[in-house]
Each structure stands twice: as structure tokens, then as C-alpha cells.
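**Q** Just dropping this structure here.
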Amino acid sequence: MIRFLFKGIFRDRQRSLLPVIVATIGVMLTVTLFCWLNGFLNDSIELNARFSTGHVKIMTAPYAKHIDQVPNDLALTGVDTLMKKLKSDFPDITWEERIHFGGLIDAPDKNGETREQGPAIGFGIDMLSGDKSEIGRFNLVKSLRRGRLPEKPGEILISELFSQKLKVNPGDTVTFIGSTMNGAMAMANFKIAGTISFGTIGMDRGSVIIDLKDIRSVLDMDNAAGEIVGYLPGNYYDEAAASKVVRRFHMLFPPSNDEYAPTIVTLSEQNNLGQMMGQIKQVGGFVVFVFVLSMSLVFWNAGLLGGLRRYIEFGTRLAIGEDYSHIYKTMIYESILIGIVGSITGTIVGLTISLYLQNHGLDIGSMMKNASIMMPAVFHARITPLAFFIGFIPGLLSTVAGTALSGIGIYKRKTAQLFKELEA
Amino acid sequence: MENSTLISIEALKKIFPTSGGKFTALNGINLTIGKAEFTGVVGPSGSGKTTLLNIIGSLDTPSEGRAVVLGQSISDLNVKQAALLRRSKLGFIFQSYNLLPVYTVFENVEFPLLLLKLDESQRKKMVLESLEWLGLTDKIKSKPAQLSGGECQRVAIARAMVKKPEIVLADEPTANLDAANSHNILKTMVQLNNELKTTFVFATHDDKVISYLKRKISLIDGKVLKDEIIKN
Ligand SMILES: Nc1ncnc2c1ncn2[C@@H]1O[C@H](COP(=O)(O)OP(=O)(O)O)[C@@H](O)[C@H]1O
Ligand SMILES: [Mg+2]
């Protein structure tokens, strides 16, 4: 019986092709949007993790509290022993010391007088120890615009935009002016090795990248670091794994009275990322809901029109001895079939588009020139296992709901009335 | 009249609500129809023929009185029981054939057997047998759109006959057919009536149909005017 009905529905293009196309389009849009949201979330998380938050981050409590002001006077001290302990207690986590700092970059003229000056956002990261992992994490090789990477102490990178603003070039010397860990004035000359551009809004304006050892000596931060960031194995943020690290850390470093004792936070507890993840999940849910609703309306109407076309068929089937509920049930079966077929094709098309967006991305940098938040300039889609199934929710729910609603309209008619319409 | 009674109607009234009040389509019908009859309800348009056939066919219910078909009172049947009665014991033939356009001749005739949940080999045997009665064996794979009106009505008869129903209800079966096709179909139905002892009840005002009837029930304004046995 089911086979018989399915044969009919596939032979009747108006009943199969059109609804399948509608379902396909809706499912495709759902899947693509879902992957895109995922990609955006993933890119943002990854970007923040690499440049700023790590997957977990260790700081002193007061530093964490005033992190916006990069208060290096509140930095972690005795970092050597801390790092040794972390490396032996968490062998699968990669730990990196970092110093964030603010200050001014001064570009002098021939006489040593200030020619141009600008505020700098500084990153002190390990570039010269021989371990290239931070260079990789900041993607410095690919981000290099002019010049080269620092090769010896006293060399720095500055962002391409910043170099244009200061009218300086690789090979020029600039002066950094800031304050030491103890609050004294710090001043040092650096040679610009190269310029970089990350393609990341917020990172490309006033960034200065200095080797960790160099900035330690300039800021008087020997054996100190503002932050120690940790990366999970596989370099993919996993909330559960990060929480596990936090729990273990709390066991190994029980709360102490020392105000400057190390504390730990996960990525989601920083930069409002947890909130953003929650919001994006909500948006994802909302997208699915909107598609379910609007597609249901389409299928409801399509079902009513289709029902008009099928009065003869329904009337005849009633006369031959089907009862209403059976006809209603078969209509639902048909809609499930349409929904499944539409969901499959829509998911395939949506995943194909998403795969393209995953590999090529969509450049929104030009639209977002003035944004100051750390956000990827190129949107990538990201296909997760859920993307293979998410489209079935609007695909199936809307076809079935639409048919169920239109079916009630037909169901409510009395047998004889339907039959009379059949006679006419 | 034959010995066993299949249809028994007593003081049957059918009153339709209309915009202006009520309309009495059937006004106190009394009649019985027995096994293997070849009977026609005859009368002008609007006399209540279709309404009467629909009640006998459990597609509609009496307003007053009783209609007992194959031992079951139509008023007492719920929708499922009515559907079961139609599915297992009744066959319908319509003026406009009402074949399902997306299905082949074979599939159209097979449909009632699917509802009876017969297995495939049994269905195939019965469909082929029925198509053979109607001389349609060479049209098995055709779609209704590829058939003439006469052929369509033959398929509809094959569909009504395939499950060997007790009663076939035929409402103006020749209205859309030319004379040659009408006679052809009527002869086939007479033959089926003779061979399978199926009871046929027609609703018609077509003289060609009337000329084949063995009993003629004349209806006017919802009342039986005459009920006569015709001897050819
Ligand atoms: N559902 C209905 N509502 C109101 N009036 C109806 C309905 N069905 C039939 N009638 C009326 O009942 C009368 C008999 O109809 P019908 O049985 O179709 O006649 P026939 O088949 O003899 O032409 C007609 O006047 C018709 O208008
Ligand atoms: Mg009529």
C-alpha cells in the first residue's frame, strides 16, 4: 500500500517535485547558515585562543580582575618553577608565557626628535628561543608583509597599518616608551625587522610584537609573566577538557592566602566568549525555528491546493472503502517521504556550499574596517557532525506539520459532501 | 425477485439542510433488493437517485427510517465500519469513471485489493481475471489518459468487480458514453450478473440502460412511483 502510494507521488510531479524543491531549499539554507554560524564561532574562538585567551589561562587574581589595563605590576612571579611544575603535571598541555603590555612607539627624525608617535598594543611572545610554536600560533610567517621575522634580540615586528601611520620601514629604529613592573619609566630602542598584517580586525592597528626575553628586560620582569596560556592537545577548544584541566589545577594549587597566587580560567570565561557561544547556539536554534515555521506555512498552503486537486482521488478512495483516518495517515506518510527526500538533497547541497565556504571563506574585512573587537575578517563555514542532521528538523517537521494542517481541512468535510463534489 | 434479501429499506427519509431551510430529497422509501438482481432506480434529474444510492453505499446516512444493507443498518455504522462494508462487499461505478490518473490500468484495478491486504500473487491473479472479463488485457500498462471513454469505464467496472463484491452500485454509468460503448458495457454487466450472481443497482435516466434492466424502480420527488419487474 505504501509502495503503491509512493509510486503515485513520484509520478505526479506537482505532488513530488515542487514540495521536494521547497524542502530542499529550506533545508539547504538551514544547513548552510548552521555551518556558517559554526564556522564563525569556531574562527572567533580559535582566533581568541591563539592571540589572547589560550584554551586555559593562568594569571594572578588581581591581574585577571584588571586585565583590560594590562597591569603588569600584578603579574605572576617565580614563573620558572611554575612552568616546570605545569609542564610535569600537565604533560599533554602546551604552556606558553606571555607578556601583554601597553605603551607608546616613537619614531624619531634624524636628530632624535619625535617625528611620529602612536599608542601600541604589545605582545611579548617567545620568538628567539628556537621553539617556533608561538611563531606558528601567531601565524607570523604568513602574516609578514615586509621585511623578515626577528632573528636576534632588539628586533621587533609592527603591524603594517601602524608602520604606515608612523611612516617607518623595516630597518628603521623606533623607541618604545612604557612602564616597568615596578612602576618606573621604561624606554628602549628597537629595530623594526618586518611588518605584519593578520587580517584580523583589532589586531592590525597598533600591534607591536617583541620577543619575550627582550620585553622582560625592558619592563624589569625577570622570571615574571603577565599570563601563562595553555593549549589542549589537538589545538581544538573542548569545554569539557578545559574544565578538567581547571579541576586538576585546583587540586594541585589549592587556594592560598597569597594574593598573587596563580589562578586559572578557561577560554569561555574570558572575553565574553562563553556568552558568545551561548548566543550563537541560540541564534542557530532560532534559525531552525524560523525555517520550520515559514516552511510549514508553505507546505500548509501547498497541501490545501494539492488537496483540491486530489478531491477526486480522495472521494474515490473513500468510495472504494478507505476511511478518512487512513487517507489522512497516507497523506502524512507521503509528507514524511517528501520531507526525507528534501532533507537529504537539501543537506547534500547545503553541505556542498558549506564545504566551499569552509575552504575558501567569505571576506568581510572591508565591511568591518572600524570594528575594534577581535573578529575574523574572513568568515569560514565549519561542518560539524550535527550539520548532517540539523536540516532534517525543518525538512521533516515542516512537511509533516504543513500536511497535517491542510489534511485537517480535507478531513473535516463529510463523506457525502466530498462525494458530491466528486459527482459534479 | 430472488430468495435472499441484500438490501432492505423502510420508511427512508433524507432531509438536507439548505440555506432556505430543509430539503427532503427522499420522502419515505420502502423497497427490498435481493441477490443477483439487475435493478435500476429510474427518474428525472433531481428525483433523489444518487442520494438513495449513496445511502445504500454507506457514503451517506438516513435522516429517518432504516436502510439495511447485507444485514447491517447503515445508521448504526461508524465511519470505520462503513468503510469496511464498502471495502469488502460493495463496488462503485461513477458517471465520470474517477480513475486515478497517475496509475496504470493494472494499478487502478489492483487498488481495492491493496485495501483488503491481499498478497501480491493473489492480487495479480484477481486483477488479470477481472481485466479479462472486461477485455482489457492489452491495456494493462496504459494510463487512463491514453484510453477512450469506453475503455475508462471498462477499467472502472473491472475495479468495481475485481474483489467480487456482493453489490455493485452504478450511478449514471453511461452518461458520458456513446451508444455503441453504452451497449457494450451493459452487455458485459449483464454477463457478469449472470455468471457471478453479483447484484447490480443502477441510478439512471438513460433508455439504453433501462432496456437492459430486469426491474425498474421509478422515483419522482423522492418517492417511489412504480416498482415493476421487466420481462424481456
Ligand atoms: N448535500 C446536499 N445538500 C442539499 N441538497 C442536496 C444535497 N444532495 C442532494 N441534494 C438535493 O437533493 C435532490 C436530489 O438529488 P440527487 O439525489 O443528486 O438527484 P438525482 O441523482 O436523481 O439527480 C436534488 O434536488 C439536490 O439538489
Ligand atoms: Mg444523480
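The values are calculated or read from the model by the stated rules, or taken from the named source; none is laboratory data. As the structure is a computational prediction, the values presented were derived from the model and not from experiment. Heads up, the Cβs are rebuilt from the backbone with ideal geometry, glycines too, and the neighbour counts pull from every protein chain shown. We work out accessible area using only protein heavy atoms, side chains counted, and drop any ligands, DNA or RNA first. Shrake-Rupley method; radii C 1.70, N 1.55, O 1.52, S 1.80 Å.
**Q** If the Cβ limit is 9 Å and pairs must be 6+ apart or interchain, which residue in the stretch B:115-130 that is among the acidic types (Asp, Glu) pairs with which residue that is not in a helix (DSSP H, G or I)?
**A** Hits for this filter: B:GLU129/B:VAL162.
**Q** Next up: Given the structure, is B:GLY21 farther than 28 Å from A:HIS326 by Cα, surrounded by 17 or more Cβ atoms within 10 Å (Cβ to Cβ) and more than 16 Å from ligand 2 (Cβ to nearest atom)?
**A** Here the answer is no, as B:GLY21 does not meet what is asked.
**Q** Also: For the stretch B:117-135, indicate whether the set of residues that are on the phi < 0 side of the Ramachandran plot, outside any helix (DSSP H, G or I) and either at the interface with chain A (Cβ under 9 Å from one of its Cβ atoms) or touching a strand residue (DSSP E or B) at 6+ places or on another chain (Cβ under 9 Å) (or both) is non-empty.
**A** Step one: filter the stretch B:117-135 for residues on the phi < 0 side of the Ramachandran plot, giving B:118-134.
So of that shortlist, the ones also outside any helix (DSSP H, G or I) come out as B:118-119, B:134.
Narrowing further to those that are either at the interface with chain A (Cβ under 9 Å from one of its Cβ atoms) or touching a strand residue (DSSP E or B) at 6+ places or on another chain (Cβ under 9 Å) (or both): none.
No, the stretch B:117-135 has no match at all.
**Q** Only one of B:VAL79, B:VAL105 is open to solvent by less than 20 Å² (accessible area, probe 1.4 Å), away from ligand 1 (no atom under 16 Å from the Cβ) and touching a Ser or Thr at 6+ places or on another chain (Cβ under 8 Å); which?
**A** Numbers: B:VAL79 fails: open to solvent by less than 20 Å² (accessible area, probe 1.4 Å).
Just one listed residue meets the conditions, B:VAL105.
**Q** Here's something else I'd like to know. Would you mind finding the one in B:VAL168, B:VAL155, B:VAL209 that is within 14 Å of chain A (Cβ to nearest Cβ) and over 20 Å from A:PHE4 (Cβ atoms)?
**A** Only one candidate qualifies: B:VAL168.
**Q** Further, regarding this structure: Given the criteria within 14 Å of another protein chain (Cβ to nearest Cβ) and away from ligand 1 (no atom under 16 Å from the Cβ), does B:LYS143 qualify?
**A** Numbers: within 14 Å of another protein chain (Cβ to nearest Cβ): yes; away from ligand 1 (no atom under 16 Å from the Cβ): yes.
So B:LYS143 fits the description; yes.
**Q** Same structure, new question: Given the conditions (1) surrounded by fewer than 20 Cβ atoms within 10 Å (Cβ to Cβ); (2) within 14 Å of ligand 1 (Cβ to nearest atom); (3) not aliphatic (A, V, I, L, M), and given that B:GLN72 satisfies all but one, which numbered condition is not satisfied?
**A** Only one criterion in (1) surrounded by fewer than 20 Cβ atoms within 10 Å (Cβ to Cβ); (2) within 14 Å of ligand 1 (Cβ to nearest atom); (3) not aliphatic (A, V, I, L, M) is unmet by B:GLN72, namely (2).
**Q** Kindly indicate whether A:PHE198 is assigned to a loop (DSSP other than H, G, I, E, B) and buried (at least 17 other Cβ atoms within 10 Å of the Cβ). Can you show your working first?
**A** On the way: assigned to a loop (DSSP other than H, G, I, E, B): yes; buried (at least 17 other Cβ atoms within 10 Å of the Cβ): yes.
So A:PHE198 passes the test.
**Q** For B:ASN194, indicate whether it is open to solvent by 70 Å² or more (accessible area, probe 1.4 Å), within 14 Å of another protein chain (Cβ to nearest Cβ) and either over 30 Å from B:ILE15 (Cβ atoms) or within 16 Å of ligand 2 (Cβ to nearest atom) (or both). Break it down into steps so the answer makes sense when it comes.
**A** On the way: open to solvent by 70 Å² or more (accessible area, probe 1.4 Å): yes; within 14 Å of another protein chain (Cβ to nearest Cβ): no; either over 30 Å from B:ILE15 (Cβ atoms) or within 16 Å of ligand 2 (Cβ to nearest atom) (or both): yes.
Judged against the criteria, B:ASN194 is not a match.
**Q** Looking at the stretch A:313-332, is at least one residue open to solvent by 20 Å² or more (accessible area, probe 1.4 Å) and more than 14 Å from chain B (Cβ to nearest Cβ)?
**A** Yes, there is a match, as at least one residue in the stretch A:313-332 is open to solvent by 20 Å² or more (accessible area, probe 1.4 Å) and more than 14 Å from chain B (Cβ to nearest Cβ).
**Q** Tally up the residues in the stretch B:172-183 that are under 14 Å from B:ASN98 (Cβ atoms) and open to solvent by less than 10 Å² (accessible area, probe 1.4 Å), please. If you could, list the steps in order and put the result at the bottom.
**A** Applying the first criterion (under 14 Å from B:ASN98 (Cβ atoms)) to the stretch B:172-183 yields B:172-173, B:175-176.
Narrowing further to those that are open to solvent by less than 10 Å² (accessible area, probe 1.4 Å): B:173.
Counting residues in the stretch B:172-183 that are under 14 Å from B:ASN98 (Cβ atoms) and open to solvent by less than 10 Å² (accessible area, probe 1.4 Å) gives 1.
Each row is one residue, and each column tells you yes or no for (1) closer than 23 Å to A:TYR324 by Cβ; (2) within 14 Å of chain B (Cβ to nearest Cβ); (3) at pLDDT below 80.
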residue	(1), (2), (3)
A:ILE383	no, no, no
A:ILE390	no, no, no
A:ALA401	yes, no, no
A:ALA404	yes, no, no
A:THR415	yes, yes, yes
A:LEU418	yes, yes, yes
A:ALA424	yes, yes, yes
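**Q** Got a sec? Which strands (runs of 3 or more DSSP E) wholly within the stretch A:81-157 have at least 1 residues that are open to solvent by 70 Å² or more (accessible area, probe 1.4 Å), closer than 23 Å to A:VAL56 by Cα and touching a strand residue (DSSP E or B) at 6+ places or on another chain (Cβ under 9 Å)? Don't jump to the end; show me each part of the working.
**A** Numbers: elements: A:94-108, A:114-125, A:144-147.
Per the criteria, A:114-125.
**Q** In the set B:LYS141, B:LYS231, B:LYS187, B:LYS226, which member is more than 16 Å from ligand 2 (Cβ to nearest atom), open to solvent by 50 Å² or more (accessible area, probe 1.4 Å) and closer than 24 Å to B:ILE55 by Cβ?
**A** On the way: B:LYS141 fails: closer than 24 Å to B:ILE55 by Cβ; B:LYS231 fails: closer than 24 Å to B:ILE55 by Cβ; B:LYS187 fails: closer than 24 Å to B:ILE55 by Cβ.
It is B:LYS226.
**Q** Considering the stretch B:41-82 alone, what residues qualify as being within 16 Å of ligand 2 (Cβ to nearest atom) and away from chain A (no Cβ under 14 Å)? Don't jump to the end; show me each part of the working.
**A** Here is the first cut: in the stretch B:41-82, the ones within 16 Å of ligand 2 (Cβ to nearest atom) are B:41-57, B:59-60.
Of everything in the stretch B:41-82, those that are within 16 Å of ligand 2 (Cβ to nearest atom) and away from chain A (no Cβ under 14 Å) turn out to be B:VAL41, B:VAL42, B:GLY43, B:PRO44, B:SER47.
**Q** What is the residue count in the stretch A:202-235 for residues that are within 23 Å of the chain's Cα centre (by Cα) and open to solvent by 20 Å² or more (accessible area, probe 1.4 Å)?
**A** Total satisfying the criteria: 6.
**Q** Still on this structure, please answer the following. If I filter the stretch B:17-27 for residues that are within 16 Å of ligand 1 (Cβ to nearest atom), at pLDDT below 95 and within 12 Å of chain A (Cβ to nearest Cβ), do I get at least one hit?
**A** The answer is yes, given that some residue of the stretch B:17-27 is within 16 Å of ligand 1 (Cβ to nearest atom), at pLDDT below 95 and within 12 Å of chain A (Cβ to nearest Cβ).
**Q** If a residue has to be part of a strand (DSSP E or B) and within 12 Å of ligand 1 (Cβ to nearest atom) to count, how many in the stretch B:41-69 make the cut? Working first, answer last.
**A** Applying the first criterion (part of a strand (DSSP E or B)) to the stretch B:41-69 yields B:41-42, B:64-69.
Next, only the ones that are within 12 Å of ligand 1 (Cβ to nearest atom) stay: B:41-42.
Here the count works out to 2.
**Q** Just need a number here: residues in the stretch A:251-267 that are in a helix (DSSP H, G or I) and open to solvent by less than 100 Å² (accessible area, probe 1.4 Å). Give the steps one after another, and end with the answer.
**A** Keep residues of the stretch A:251-267 that are in a helix (DSSP H, G or I), which gives A:251-252, A:267.
Still in the running and open to solvent by less than 100 Å² (accessible area, probe 1.4 Å): A:252, A:267.
Within the stretch A:251-267, residues that are in a helix (DSSP H, G or I) and open to solvent by less than 100 Å² (accessible area, probe 1.4 Å) number 2.
**Q** Separate question: Kindly establish whether B:PHE38 is within 14 Å of chain A (Cβ to nearest Cβ), surrounded by 17 or more Cβ atoms within 10 Å (Cβ to Cβ) and away from ligand 1 (no atom under 16 Å from the Cβ). Working first, answer last.
**A** Numbers: within 14 Å of chain A (Cβ to nearest Cβ): no; surrounded by 17 or more Cβ atoms within 10 Å (Cβ to Cβ): yes; away from ligand 1 (no atom under 16 Å from the Cβ): yes.
Here the answer is no, as B:PHE38 does not meet what is asked.
**Q** Got at least one residue in the stretch A:321-329 being in a loop (DSSP other than H, G, I, E, B) and in contact with a strand residue (DSSP E or B) (Cβ under 9 Å, 6 or more places away or on another chain)? Even if it seems obvious, please write down each step before you answer.
**A** Let us first name the residues in the stretch A:321-329 that are in a loop (DSSP other than H, G, I, E, B), namely A:321-323.
Keeping just the survivors that are in contact with a strand residue (DSSP E or B) (Cβ under 9 Å, 6 or more places away or on another chain) gives A:321.
Yes - at least one qualifying residue is present in the stretch A:321-329.
**Q** Kindly check whether there is at least one residue in the stretch B:169-192 that is in contact (Cβ under 8 Å) with a residue 40 or more places away in the chain and basic (Lys, Arg).
**A** no
**Q** Output the number of the condition that B:PHE92 fails; it satisfies all remaining conditions of (1) within 15 Å of B:ILE167 (Cβ to Cβ); (2) assigned to a strand (DSSP E or B); (3) away from ligand 2 (no atom under 16 Å from the Cβ).
**A** (3)
**Q** Which condition from (1) open to solvent by 10 Å² or more (accessible area, probe 1.4 Å); (2) farther than 30 Å from B:GLU195 by Cβ; (3) within 16 Å of ligand 1 (Cβ to nearest atom) is the one that B:SER96 breaks?
**A** (2)
**Q** So which of B:LYS89, B:LYS14 is open to solvent by less than 60 Å² (accessible area, probe 1.4 Å) and modelled with pLDDT of 95 or more?
**A** On the way: B:LYS89 fails: open to solvent by less than 60 Å² (accessible area, probe 1.4 Å).
Testing whether each residue is open to solvent by less than 60 Å² (accessible area, probe 1.4 Å) and modelled with pLDDT of 95 or more leaves just B:LYS14.
**Q** Search the stretch A:1-57 for residues being over 14 Å from the mean Cα position of the chain (by Cα) and of a type in the set (Phe, Trp, Tyr), and hand back the single one that is farthest from the other protein chains (Cβ to nearest Cβ).
**A** Filtering the stretch A:1-57 for residues that are over 14 Å from the mean Cα position of the chain (by Cα) and of a type in the set (Phe, Trp, Tyr), the one farthest from the other protein chains (Cβ to nearest Cβ) comes out as A:PHE51.
**Q** Next up: Determine which single condition B:GLU151 fails, assuming it passes every other condition in (1) at pLDDT below 95; (2) open to solvent by 20 Å² or more (accessible area, probe 1.4 Å).
**A** The number of the failed condition is (1).
**Q** Given (1) under 22 Å from B:ARG159 (Cα atoms); (2) surrounded by fewer than 22 Cβ atoms within 10 Å (Cβ to Cβ), identify the lone condition not met by B:GLY28.
**A** Among (1) under 22 Å from B:ARG159 (Cα atoms); (2) surrounded by fewer than 22 Cβ atoms within 10 Å (Cβ to Cβ), B:GLY28 violates only (1).
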